[in-house]
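Just below is one structure, and these are the notes that go with it.
The values are calculated or read from the model by the stated rules, or taken from the named source; none is laboratory data. None of these values were measured; they are calculated from a predicted model. Counting neighbours? That spans all protein chains shown, and the Cβs are built from the backbone with ideal geometry, glycine included. Areas reflect the complete protein model, heavy atoms only, side chains present, ligands, DNA and RNA absent. Shrake-Rupley method; radii C 1.70, N 1.55, O 1.52, S 1.80 Å.
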Amino acid sequence: SLVTSAAQVDADTNQVQLTLTLDSGPLFRAGELRIVGLKLHEEAAVRYLAGFGPGAPLTEQLLLDYQERLRKANLYDTIAVTFDNDPAKSAASPVTVQLHELPLQSLTLGLGISANTGPRATAEYTHRRLFDYPATLHTKIEYGRDRQAFEGELSSHPGEGFYRNMIGLQFERQQ
């Protein structure tokens, strides 16, 4: 906020002296984490991806990094991480995470052609909560004239310390 401002004009020498004092305000620290918008998934993964706890200094980079980790989890399509900027709450400012989840399942079909392997068809399937367990299954099948491939991955949702369990399988046949 603006504390003081002044301009002193000296008409005889055609000079102006400007004075400006700004107050950047208090250092904001993280308070409670409020999570809004979850319907399919558990709050635990959102909390684990925070990477900070109560009392951590809130910086723009800290919140952007958190938002990016949430995006890379591939569970949410809209993510907003904000904090209450009321100076009276600066010692423990509530951090709000507003989410909109991706669909539980998605299927993508495709047709294409490549100069190296010829025509192909692909199918990609993702299930983001397999058997009501916090795990994601992602599979991709490609069938073409000169190349056939399968990729499969089963991974848990993020855990404490950004940890995930994962198992994968890949098969490729190319002429």
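Take VAL81 and tell me if it is touching a Lys or Arg at 6+ places or on another chain (Cβ under 8 Å), closer than 25 Å to HIS157 by Cα and part of a strand (DSSP E or B).
no
For residues that are without any contact (Cβ under 8 Å) to a residue 40 or more places away in the chain, open to solvent by 70 Å² or more (accessible area, probe 1.4 Å) and in a loop (DSSP other than H, G, I, E, B), tally how many sit in the stretch 28-56.
Of the residues in that region, 1 qualify.
Working only within the stretch 15-27, note down all residues that are farther than 17 Å from LEU63 by Cα, among the aliphatic types (A, V, I, L, M) and surrounded by 10 or more Cβ atoms within 10 Å (Cβ to Cβ).
Across the stretch 15-27, the qualifying residues are VAL16, LEU20, LEU22.
Just the residues that are modelled with pLDDT of 95 or more, among the small types (Gly, Ala, Ser) and more than 15 Å from GLU124 (Cβ to Cβ), please, taken from the stretch 146-166.
If the condition is that a residue be modelled with pLDDT of 95 or more, among the small types (Gly, Ala, Ser) and more than 15 Å from GLU124 (Cβ to Cβ), then SER155, SER156 are the ones that fit.
Only one of these conditions is not met by GLY144: (1) loosely packed, with under 12 Cβ neighbours inside 10 Å; (2) in contact (Cβ under 8 Å) with a residue 24 or more places away in the chain. Which number is it?
GLY144 satisfies all of (1) loosely packed, with under 12 Cβ neighbours inside 10 Å; (2) in contact (Cβ under 8 Å) with a residue 24 or more places away in the chain except (1).
Answer with yes or no whether THR59 is under 26 Å from PRO26 (Cβ atoms) and loosely packed, with under 13 Cβ neighbours inside 10 Å.
yes
Of the conditions (1) outside any strand (DSSP E or B); (2) surrounded by fewer than 12 Cβ atoms within 10 Å (Cβ to Cβ), SER90 satisfies every one except a single condition; which number is it?
Condition not satisfied by SER90: (2).
Restricting to the stretch 93-115, what's the tally of residues that are surrounded by fewer than 12 Cβ atoms within 10 Å (Cβ to Cβ) and at pLDDT 95 or above?
Count: 6.
Scanning the stretch 147-162 for residues that are surrounded by 16 or more Cβ atoms within 10 Å (Cβ to Cβ) and touching a residue at least 60 places away in the same chain (Cβ under 8 Å), which turns out nearest to TYR66 (Cα to Cα)?
Taking the candidates together, the pick is PRO158.
Given the options LEU64, LEU137, LEU70, name the one that is surrounded by 14 or more Cβ atoms within 10 Å (Cβ to Cβ), free of Cβ contacts under 8 Å to residues at least 40 places away in the same chain and not in a strand (DSSP E or B).
Matching residue, one of LEU64, LEU137, LEU70: LEU70.
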